[in-house]
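A.B. asks: The structure follows.
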Amino acid sequence: MRQCFLKILWVTVLVLVLLVSSVYPAIEATIGDILQNKDRYDGEEVSVSGTVSKLKFKTSKSGNDYTTFSLIGDSGGSINVFIWGQSKLKAGQKAKVTGIYRKVKKVGRYTFYNEIEAVEIK
C-alpha cells in the first residue's frame with residue numbers, strides 16, 4: 001500500500017514540475033544583460049545566444065561525459081556553459097543556450113563563476 005502511495009506521489013510531483021516549467025518559460029536575455037545584473041538572474045532559467053569559444057569535451061572521474069565552453073555575446077562579454085554529455089558543437093559556431101544561470105556554483109572543492117548549466121543547446 002505504501003509503495004502505491006509513493007508512486008502516486010512521485011507521478012503527481014513530476015506532473016506539477018512539468019506544468020510549472022511550461023508555464024514559466026526561460027527568460028530571454030543577452031549575455032550583457034546577465035553580466036550587468038548577476039543577482040537578478042542568479043538561479044533563473046535563461047535563454048541566451050552567442051558564439052561558442054574555448055570548447056572542451058571531458059569525462060568526469062566517475063565516467064560521465066560533459067562539455068564546457070564559453071558563450072561570447074555581441075557586446076564581447078562571455079558566460080561559461082556546462083552541459084552533460086558530448087555536444088556536437090564546434091568552436092566559432094552560433095548557439096542558443098537554455099539553462100540555469102548561477103553567479104557562483106560550488107561542486108565539491110571546485111567553485112565556478114558566471115555559469116549556465118544547460119538543458120538545451122540549439
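The values are calculated or read from the model by the stated rules, or taken from the named source; none is laboratory data. If you're wondering where the values come from, they're calculated on a predicted model, not measured in any experiment. Here the Cβ positions follow ideal geometry from the backbone for every residue, glycine too, while neighbour counts run over all protein chains shown.
A.B. asks: Select, from GLY63, GLY92, GLY50, the only residue that is at pLDDT below 95 and either of a type outside the set (A, V, I, L, M) or out of contact with any strand residue (DSSP E or B) (no Cβ under 7 Å at 6 or more places or on another chain) (or both).
C.D. replies: Result: GLY63 is the single residue among GLY63, GLY92, GLY50 that is at pLDDT below 95 and either of a type outside the set (A, V, I, L, M) or out of contact with any strand residue (DSSP E or B) (no Cβ under 7 Å at 6 or more places or on another chain) (or both).
A.B. asks: Among the candidates GLY92, GLY43, which residue alone is within 12 Å of the chain's Cα centre (by Cα) and not aliphatic (A, V, I, L, M)?
C.D. replies: GLY43
A.B. asks: For a quick check of your reading: which strands (runs of 3 or more DSSP E) sit entirely within the stretch 73-121 and have at least 2 residues that are touching a helix residue (DSSP H, G or I) at 6+ places or on another chain (Cβ under 6 Å)?
C.D. replies: Correct list: 94-107.
A.B. asks: Residues of the stretch 26-48 being part of a loop (DSSP other than H, G, I, E, B), surrounded by fewer than 18 Cβ atoms within 10 Å (Cβ to Cβ) and touching a Phe, Trp or Tyr at 6+ places or on another chain (Cβ under 9 Å), which ones?
C.D. replies: ASP42, GLY43, GLU44
A.B. asks: Within the stretch 59-103, restricting attention to residues that are among the small types (Gly, Ala, Ser) and within 14 Å of GLU120 (Cα to Cα), which residue is surrounded by the fewest Cβ atoms within 10 Å (Cβ to Cβ)?
C.D. replies: My answer is GLY85.
A.B. asks: Right, another one. Only residues that are under 17 Å from TYR66 (Cβ atoms), in contact with a strand residue (DSSP E or B) (Cβ under 6 Å, 6 or more places away or on another chain) and not basic (Lys, Arg): list them for the stretch 99-122, please.
C.D. replies: Once the filter is applied, which keeps residues that are under 17 Å from TYR66 (Cβ atoms), in contact with a strand residue (DSSP E or B) (Cβ under 6 Å, 6 or more places away or on another chain) and not basic (Lys, Arg), the stretch 99-122 yields GLY99, ILE100, PHE112, GLU115, ILE116, GLU117, ALA118, VAL119, GLU120, ILE121.
A.B. asks: Scan the stretch 49-72 for residues that are within 15 Å of LYS96 (Cβ to Cβ) and either in contact with a helix residue (DSSP H, G or I) (Cβ under 9 Å, 6 or more places away or on another chain) or not in a strand (DSSP E or B) (or both) and jot them down.
C.D. replies: Those that are within 15 Å of LYS96 (Cβ to Cβ) and either in contact with a helix residue (DSSP H, G or I) (Cβ under 9 Å, 6 or more places away or on another chain) or not in a strand (DSSP E or B) (or both): SER49, GLY50, LEU71, ILE72.
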